[in-house]
Amino acid sequence: MPNSISEDASTEIAVRKPDASDNGMISVVAALADPAIIITQDNSVMTANVAALRIFPALRAGESLLFGLRDPDVFAALELLRRDYQIKDIEFNRRIPDDFTYHLRLAPLAQGDVLMVFQDLSERRRIERMRVDFVANASHELRTPLAALMGFIETLEGPARDDAAARARFLGVMREQTKRMSRLVDDLLSLSRLEARTAAAQMHPVDLVGLIREVIDVLNMLAVENEVKISFRTELDRAIVSGVRDDLFRVIENLVENAIRHGKSNGRVAVSLSHKLRAPHTLSGTRAENMLALEVADDGPGIAENHIPRLTERFYRVDSDKGQARVGTGLGLSIVKHIISRHQGRLDIESKLGEGSRFTVLLSQAQT
Ligand SMILES: Nc1ncnc2c1ncn2[C@@H]1O[C@H](COP(=O)(O)OP(=O)(O)OP(=O)(O)O)[C@@H](O)[C@H]1O
Ligand SMILES: [Mg+2]
């Protein structure tokens, strides 16, 4: 009778004492992290590991491979392999029930058995696509201000050569475009620095109360320009976290700046800081953790629900009716998210169209 390979059974196989009857092949397959199957001469399944069962749940030991995996390319490759006993590599795509792409290697074993090992290509493809998009986005962002600069330079060399008033005006615009480009390059650099930083950066005690006040001072000008009022409320005198001061500064700066620039003019930005207990995690201990919750809330136009999960992607911006000049490059929140996860913290975004947005950063309080 065919015995079904449930996940339990495969775990059993994985921990079973090696025995000589299958030359250890079942243990080897069970130990592989990638999906792997061994089939016998008649294409029936000898063993499949947990990872293989996850993608082909219908596989059963002793039954035909066909019950779990129907791809004609696989069977064609098997047929070839049984003729020349050479390793075969094919790409294996499946659309249903989910869309994925695997690289499949078929290798001949003794007695006509065949080892099939799958390697997930979807993740690699996704990363490749992200890299291509990233370069395209970055170049696109630089091209617009560069084209504008080029246009102004030509005008200044030609028609506006002797026009002092035009010259002053154009230089002003050129300065703005240049600032925009250098901001973009700064953001790109700090993103790549954050990503490249493999070793944990030096963490020091940082007082969030003082840091928030500093950020508000720095952004005061921008708030005045946008006719926005910033308030800061907390009952804490000091709130110490262990972190990288400059990075945490950027987090708060980005969030408050967003609230000002993407909020409404004549609006209010409310920053607050409070204690929060994080419920104990069942696996990691029984003590509740002391957290600090930093909130930045505005009464601006808000963000539609479907955009919220994507806000921290690089270059992701929500189309707004505000003029292009006021819109940024869409890198701010991806930097924020990076820094927060470096600090083992969490970012929550809540928003309601027409009512405003609230960004909450949770960081664990340092033991002092
Ligand atoms: N407080 C907010 N209210 C409404 N929309 C917001 C708010 N904060 C962010 N957003 C939306 O999220 C998008 C992404 O924000 P992010 O900070 O990553 O980029 P940005 O502000 O456009 O540019 P950058 O920060 O790089 O200058 C913004 O373009 C905006 O559409
Ligand atoms: Mg921003």
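The values are calculated or read from the model by the stated rules, or taken from the named source; none is laboratory data. Here the structure is a predicted model, which is why all the values come from computation and not from measurement. Heads up, the Cβs are rebuilt from the backbone with ideal geometry, glycines too, and the neighbour counts pull from every protein chain shown. Each accessible area value is taken on the protein alone, full model and side chains, heavy atoms only, with ligands, DNA and RNA left out. Shrake-Rupley method; radii C 1.70, N 1.55, O 1.52, S 1.80 Å.
Annotations
- Distance cut-off 26 Å, percentage of C-alpha pairs in the range 95-227 lying past it: 62
- Computed magnitude of the charge dipole of the chain (debye, nearest 20; Cβ of K, R +1, Cβ of D, E -1): 720
- Cβ-Cβ distance of residue 135 and residue 157, R₀ of 35 Å, FRET efficiency by 1/(1 + (r/R0)^6): the value works out to about 0.65.
- Take every Cα pair under 8 Å whose residues are at least 6 apart in sequence, average their separation, divide by the length of the range 20-170, and the relative contact order is 16 percent.
- For the range 20-152, the alpha carbon positions stretch 80, 29, 28 Å along the principal axes, listed from largest to smallest.
- Gain on full stretching of the segment that runs from residue 125 to residue 79 - 0.36 nm per residue minus C-alpha separation: 13.7 nm
- Dipole magnitude (debye, nearest 20) for the range 158-287, charges at Cβ of Lys, Arg, Asp, Glu: 260
- log10 of Debye I(q)/I(0), alpha-carbon scatterers only, for the range 187-309 at 0.17, 0.19 Å⁻¹: -1.05, -1.18
- Binned Cα-Cα distance frequencies in the range 136-177 - 5 Å width, integer %: 5, 25, 27, 19, 11, 7, 4, 1
- Whole-percent pair-distance distribution, where bins are 10 Å wide, for the alpha carbons of the chain: 4, 17, 19, 16, 16, 14, 9, 3, 1, 0
- Pairs of Cα atoms nearer than 8 Å and 6+ residues apart set the relative contact order; for the chain it is 10 percent.
- Remark: the chain carries 60 Å² of accessible area per residue (probe radius 1.4 Å; ligands, DNA and RNA excluded).
- Here the chain has 53 percent of its accessible surface on carbon and sulfur atoms, given a 1.4 Å probe and all protein chains in place.
- Hydrodynamic radius by Kirkwood, which averages 1/r over all alpha carbon pairs of the range 77-171, in angstrom: 18.8
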